Every structure is written in C-alpha cells, then in structure tokens.
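*Asks:* One structure coming up, written as structure tokens, with questions to follow.
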Amino acid sequence: MSAQGWLDRLRAATSARGRLCVGIDPHPALLEQWGLPSNADGLEKFAEICVEAFVGEIAVVKPQVAFFEAYGSPGYAVLERTISVLRDAGTLVIADAKRGDIGSTMSAYAQSWLGADSSLSSDAVTVSPYLGFDSLNETIALAEAGGRGVFVLARTSNPEGASLQQAITTGRTVGQSIVDAGAAVNSNGSATVGLVVGATRDHGLDLSGFTGPILAPGLGAQGASVEDLAQIFDGSLKLLLPNSSRGVLRAGPSVGALQDAARTLRDEIEAALP
Ligand SMILES: O=C(O)c1cc(=O)[nH]c(=O)n1[C@@H]1O[C@H](COP(=O)(O)O)[C@@H](O)[C@H]1O
C-alpha cells in the first residue's frame with residue numbers, strides 16, 4: 001500500500017479520475033445477460049472484464065461482497081484476486097461488506113477487510129453502526145492506523161431504512177446521530193469515517209458538520225439521477241462518491257461498451273458537480 005493516508009489517496013484518485021464509484025455487483029441476471037455461467041468461472045470472467053474496463057478510468061471501485069460470497073470459497077478466491085488486481089493497479093477499493101457486530105467480533109471483521117496481512121484487505125469497507133456506533137471503535141482505530149477508511153451506513157437508499165434511520169432518539173434522528181458520531185471521530189482531520197447516504201431521496205440529514213467522504217449509492221437502477229446530486233448533497237460535494245452498479249454493468253460484456261458507460265457517467269457527474 002502507498003505510504004499516503006486514506007484522505008490523500010482519495011483526493012488524488014478523485015481529482016485525477018473523477019468522483020464516480022462503480023460497483024462490481026455480479027448479479028445472477030447480469031451473468032446471464034453477459035452470457036456467463038452462474039458459477040465461480042463466470043464470476044471470475046465478469047470481474048476480469050470489470051477490472052479491464054475500470055482500471056485507469058475510475059477512481060473508486062466497490063465490489064459487492066454478497067455476490068462473491070454466494071459462491072462460497074471459490075467466490076471468495078475471485079474476490080481476493082479482484083481486490084488485489086484493482087489495488088495493485090492504483091484503483092481504490094471499497095469492499096461493500098456491510099459488516100456489523102458486537103465490538104469484539106467486529107474486530108475480526110475489521111482484520112479481514114482492513115488488516116494489512118489479509119488477502120481481502122481493501123482501502124475501505126462498508127459497516128453497519130446499528131449495533132451501536134461505539135461497536136465500531138476498534139474497526140475505526142484499525143482503519144486509522146493503517147491509512148484506510150470505514151463507510152458507516154447513515155441513511156440508506158432503500159425505502160425500508162426510514163423506519164429505523166428516521167426514528168427519533170434524544171432529539172434527533174438515528175441517522176443524524178450516526179452523522180454526528182462520525183463527525184466527532186473525524187474532528188482530528190483524518191476523514192477515516194465516511195458515511196453512506198443514499199442518493200435516492202432527500203436524506204433529511206444535517207451534513208454541514210461532516211467533512212469526511214460520503215458514498216452515495218442509488219444512481220441508475222434505483223432511480224437516483226445525476227441532476228439531483230448537487231441539491232441533495234449541497235455543501236458536501238468535494239468528497240462525494242456517487243455510486244452506480246447495475247446502471248453501468250448493464251452495458252457489458254464488451255469491455256469497450258462498459259468502459260464507455262462508466263466514462264460517460266463519470267463525466268456527467270463531474271459536469272454536474274462543482
Ligand atoms: O453501502 C452501499 O453501497 C449501499 C448502501 C445503500 O444504502 N444502498 C445501496 O444500494 N448500497 C449498495 O450499492 C449498490 C447499488 O447497486 P445498484 O442499485 O445496482 O446501482 C449495491 O451493491 C448495494 O448493496
């Protein structure tokens with residue numbers, strides 16, 4: 001890994017290649033559309049096509065761990081190779097694992113995704129704070145020590161998230177309490193804590209005190225549009241990472257077509273955001 005810290009790597013990558021984060025989500029329907037078998041060989045080919053299309057073009061790539069895990073250990077082996085090829089080529093990798101557990105167990109998950117010696121080691125990982133934000137303390141400390149990031153779910157893109165994330169606790173929403181806890185960690189200037197805030201709707205959060213990166217999934221397949229980003233994330237645009245997975249991946253399996261789709265979306269985002 002580069003000696004640069006997470007924030008420096010993120011800034012350098014996004015200023016060179018834009019803010020778009022493309023997902024590698026090998027849905028069974030996409031494997032079928034790409035003419036690939038629904039097994040680890042199909043998964044490997046899918047990931048290889050994505051790597052070829054995105055390296056050098058896209059700053060941040062987010063493999064969705066679930067679609068690899070679905071194939072058991074052969075799927076994990078493909079994920080390991082995908083993460084390592086992307087990172088060796090200078091593409092930042094957010095492992096979308098959405099882990100969340102009691103603190104002591106969470107530390108083991110943290111070692112998997114953020115530990116220097118793990119074959120799954122990534123630049124950042126998505127985590128759930130809904131066992132209590134403090135259950136993430138050791139994960140955040142490991143990320144910080146290793147110059148990596150942690151993206152904490154605050155207000156997710158799915159409609160079902162509202163019942164929990166918009167519930168009121170001590171005078172603010174649960175989602176806002178996550179934003180505030182993340183801001184407190186980052187007050188040392190590190191940006192170790194990022195947020196996940198869906199781009200699909202008005203999130204209702206006050207993000208003005210939050211200076212870390214914000215991963216914003218929902219573009220394309222879930223209906224969020226590039227035109228709405230500037231208004232939804234007004235004031236938080238510098239480190240905004242809008243995400244699309246299926247919306248881009250549907251352009252495959254041609255590497256050229258996939259690359260064009262990713263570039264077009266990347267350029268639309270850069271044109272729309274200051
Ligand atoms: O953490 C995430 O990335 C995430 C959070 C969220 O609130 N909503 C959300 O869709 N995601 C992930 O982002 C990706 C979105 O995929 P598409 O809907 O195909 O663009 C999937 O891998 C989701 O699991």
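The values are calculated or read from the model by the stated rules, or taken from the named source; none is laboratory data. Since this is a predicted model, take the numbers as computed values, not measurements. Quick reminder, even Gly has a Cβ in these numbers, built from the backbone with ideal geometry, and neighbours come from all protein chains shown.
*Asks:* Check Ala216, Ala199, Ala261 and return the single one that is within 13 Å of the ligand (Cβ to nearest atom), in contact (Cβ under 8 Å) with a residue 12 or more places away in the chain, out of contact with any Leu (no Cβ under 7 Å at 6 or more places or on another chain) and of a type in the set (A, V, I, L, M, F, W, C).
*Replies:* Checking each option against the conditions leaves just Ala261.
*Asks:* Within segment 56-82, how many residues turn out to be under 16 Å from the mean Cα position of the chain (by Cα) and within 24 Å of Thr264 (Cα to Cα)?
*Replies:* 8
*Asks:* Would you mention how many residues in segment 11-28 are part of a helix (DSSP H, G or I) and either within 19 Å of Pro253 (Cα to Cα) or in contact with a strand residue (DSSP E or B) (Cβ under 7 Å, 6 or more places away or on another chain) (or both)?
*Replies:* Residues flagged as part of a helix (DSSP H, G or I) and either within 19 Å of Pro253 (Cα to Cα) or in contact with a strand residue (DSSP E or B) (Cβ under 7 Å, 6 or more places away or on another chain) (or both) within segment 11-28 amount to 2.
*Asks:* Take segment 134-173 and flag every residue that is away from the ligand (no atom under 15 Å from the Cβ) and in contact with an Asp or Glu (Cβ under 9 Å, 6 or more places away or on another chain).
*Replies:* Ser135, Gly147, Arg148, Arg172
*Asks:* Any residue at all in segment 239-253 that's under 19 Å from Pro26 (Cβ atoms), in contact with a strand residue (DSSP E or B) (Cβ under 6 Å, 6 or more places away or on another chain) and of a type in the set (A, V, I, L, M, F, W, C)?
*Replies:* Yes: one or more hits.
*Asks:* Considering each residue of segment 88-113, count those that are within 16 Å of the ligand (Cβ to nearest atom), outside any strand (DSSP E or B) and in contact (Cβ under 8 Å) with a residue 24 or more places away in the chain, and give that number.
*Replies:* Here the count works out to 2.
*Asks:* May I pose another question? Among the candidates Ala262, Ala184, Ala191, Ala271, single out the residue that is surrounded by 15 or more Cβ atoms within 10 Å (Cβ to Cβ) and either over 20 Å from the mean Cα position of the chain (by Cα) or not in a loop (DSSP other than H, G, I, E, B) (or both). Break it down stepwise before answering.
*Replies:* On the way: Ala184 fails: surrounded by 15 or more Cβ atoms within 10 Å (Cβ to Cβ); Ala191 fails: either over 20 Å from the mean Cα position of the chain (by Cα) or not in a loop (DSSP other than H, G, I, E, B) (or both); Ala271 fails: surrounded by 15 or more Cβ atoms within 10 Å (Cβ to Cβ).
Within the list Ala262, Ala184, Ala191, Ala271, the selection yields Ala262.
*Asks:* Moving on. Considering each of Gly132, Gly194, Gly146, Gly175 in turn, give the residue that is more than 26 Å from Phe233 (Cα to Cα) and modelled with pLDDT of 95 or more.
*Replies:* Among Gly132, Gly194, Gly146, Gly175, only Gly146 is more than 26 Å from Phe233 (Cα to Cα) and modelled with pLDDT of 95 or more.
*Asks:* From the list Leu207, Leu229, exactly one residue is over 29 Å from Leu30 (Cα atoms) and either in contact (Cβ under 8 Å) with a residue 24 or more places away in the chain or assigned to a loop (DSSP other than H, G, I, E, B) (or both). Which is it?
*Replies:* Residue meeting the stated conditions: Leu207.
*Asks:* Which residues, taken from segment 227-254, are closer than 18 Å to Asn158 by Cα and more than 11 Å from the ligand (Cβ to nearest atom)?
*Replies:* Asp228, Leu229, Ile232, Phe233
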